[in-house]
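For reference, the structure discussed in these notes is given below.
The values are calculated or read from the model by the stated rules, or taken from the named source; none is laboratory data. The model shown is predicted, which means the values in this text are computed figures rather than measured ones. As a convention, Cβ positions derive from the backbone with ideal geometry for all residues, glycine included, and neighbour counts pool all protein chains shown.
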Amino acid sequence: MGHHRHNNLVLSRLEEAERRWYLASLSSGPEAPSDGVLAQISGLSDKTIQRGRQELESGLTDTQAGRQRQGGGGRKTAEKKTRPECPRYWRWSSHIRRATRWAKGNG
């Protein structure tokens, strides 16, 4: 049981892709545990371990060094909200905020 704890300790210090590759290397030996067993021990999906093995077999050619995710991955950048360039709008909105605070009794 201590061996599993040590493996999970090492995994906790690795980045996402490194965890995949580490578990894939553990599962690729002749008497290695199955992907299902490693998935139970580590908490990673067995498909994730299979993906890591495919990446290792390809020589990590599809991965970019220094990147957490592949290019194009992740959330799209949100458009920054800007307030209108109209000074009349600024005066009007400040009046509305004051009136709202006054109506709530915080005025």
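A compact table of results
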read-out: Every pair of residues 6+ apart whose Cβ atoms lie under 8 Å, when the first sits in region 6-28 and is of a type in the set (Lys, Arg) while the second is surrounded by 17 or more Cβ atoms within 10 Å (Cβ to Cβ) and in a loop (DSSP other than H, G, I, E, B); value: Arg19/Leu44; Arg20/Leu44
read-out: Failed item in (1) at negative phi; (2) modelled with pLDDT of 80 or more; (3) not acidic (Asp, Glu), with Gly43 passing the rest; value: (1)
read-out: Residue list for region 7-27, restricted to those being crowded, with 16+ Cβ neighbours inside 10 Å and within 27 Å of Gly74 (Cα to Cα); value: Leu11, Ala17, Arg19, Arg20, Trp21, Tyr22, Leu23, Ala24
read-out: Pick from region 28-52, criterion surrounded by 13 or more Cβ atoms within 10 Å (Cβ to Cβ) and acidic (Asp, Glu), ranking: farthest from His4 (Cα to Cα); value: Asp46
read-out: Region 53-107, residues that are surrounded by 10 or more Cβ atoms within 10 Å (Cβ to Cβ), of a type in the set (Asp, Glu) and at pLDDT below 75; value: none
